[in-house]
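Quick notes on the structure that follows.
The values are calculated or read from the model by the stated rules, or taken from the named source; none is laboratory data. Not measured: the values here are computed from a predicted model. Counting neighbours? That spans all protein chains shown, and the Cβs are built from the backbone with ideal geometry, glycine included. Surface accessibility is based on the protein's heavy atoms, side chains included, excluding ligands, DNA and RNA. Shrake-Rupley method; radii C 1.70, N 1.55, O 1.52, S 1.80 Å.
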Amino acid sequence: MTKTPYYAPTGGLPPQTQLLTDRAVFTEAYAVIPKGTMTDIVTSNLPFWDKTRAWVLARPLSGFAETFSQYIMEVSAGGGSDRPETDPKAQSILFVVAGGFTLTIADEAHQMVAGSYAYLPAGTQWSTINATDTAARFHWIRKTYQPVDGIDPPPAFVTHEDAGTTVSMPDTDGKWATTRFVDPADMRHDMHVNIVTFQPGGVIPFAETHVMEHGLYVLEGKAVYRLNQDWVEVEAGDFMWLRAFCPQACYAGGPGPFRYLLYKDVNRHMPL
């Protein structure tokens, strides 16, 4: 497998001498949660998880982003859960950014490492255990599944970034590419979680304005990102949360690749 330099938070607390000035911002159209805000005192505990804490990056909020929640889970050595999900309507995607653990789906065990990706349909019986001697950190994205009469729900699967399909955007000479884990034409899925990569100098050359809401976690590198009418600097470990129709664009200045984990809701009619 290729080297996967994903950023993962480790907690801690800034010293009393640190200035308060930071890049955190919450607006009606978007939010930026910088990596420096992910300290020990903002973590959450979850039912039936042992030796585990979570940084909650996104949750449904009336009038803002509404379709998903996203956590960074930190499971210490020996920790995990045999009842991780308490909502039978919630589907999940797991993406590992550091360490490793065992994911069991219907009695089949999978060894998860940095870059591993799992899709877990609503109602799936699954569990986790970190049998290593170091902490495991992974993103857990949850969304209520929207069934459609005549379309079967998708099955569970486990894969790795290295096995994903990477597609360059047209006329970009490979400077803007997306690694996909699900075929965009597969109507069984009502959300996609992809990895977007910009090489130095790569851009989104127009203000994307669309119905899909986004969660963007920066895995590697840095860039300036256009959010609504503002340009913000972001780097590895930062999270951006965009409501539907928030204009967005990007310029990746380098010196290395700029990569982020991207959530979006897809393939369903708008609720009326």
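Details
- The listed residues 74, 220, 108 rank as 108, 220, 74 when sorted by accessible area, largest first, using a 1.4 Å probe.
- In a fully extended conformation the segment linking residue 110 and residue 144 would gain 9.8 nm over its present Cα-Cα distance, using 0.36 nm per residue.
- Treating each Cα of the range 1-92 as one equal point scatterer and applying the Debye formula with no solvent, the log10 of I(q)/I(0) at q = 0.20, 0.26 Å⁻¹ comes out as -1.20, -1.38.
- Percent carbon-and-sulfur accessible area, the range 45-170, ignoring ligands, DNA and RNA, probe 1.4 Å: 51 percent
- Restricting the range 51-113 to trypsin sites (Lys or Arg not before Pro) that sit in a DSSP loop and have at most 10 other Cβ atoms within 10 Å of their own Cβ leaves nothing.
- Compared with the direct C-alpha span, the chain from residue 162 to residue 186 gains 6.6 nm at full extension, assuming 0.36 nm per residue.
- Between the range 172-201 and the range 245-272, the Cα center-to-center distance that results, in Å: 10 Å
- Å² of accessible area per residue within the range 1-91, as computed with a 1.4 Å probe and no ligands counted: 58 Å²
- Global size of the range 227-272 as Cα Rg and Dmax, reported in angstrom: 13.5, 46
- In terms of its C-alpha gyration tensor, the range 28-76 comes out oblate, because a/c is 1.5 or above while a/b does not outweigh b/c.
- Normalised by residue count, the range 121-272 yields a Cα convex hull volume of 144 Å³ per residue.
- FRET efficiency, 1/(1 + (r/R0)^6) with R0 51 Å, evaluated for residue 27 and residue 131 via beta carbons: 0.75
- Listed residues 215, 99, 36, most fluctuating in the chain (Gaussian network, C-alpha, under 10 Å): 36
- For the options 39, 21, 124, a Gaussian network treatment of the chain with springs between C-alpha atoms closer than 10 Å singles out 21 as fluctuating the most.
- Estimated at 0.36 nm per residue, the fully extended path between residue 83 and residue 45 surpasses their Cα-Cα distance by 12.3 nm.
- Radius, Kirkwood style, for the chain when every pair of distinct Cα atoms is counted (Å): 19.2 Å
- Based on protein heavy atoms only, the range 179-225 ends up with 35 Å² per residue of surface accessible to a 1.4 Å probe.
- Candidates 20, 94, 219: whichever shows maximal mean-square fluctuation once the chain is modelled as a Gaussian network with Cα springs under 10 Å: 20
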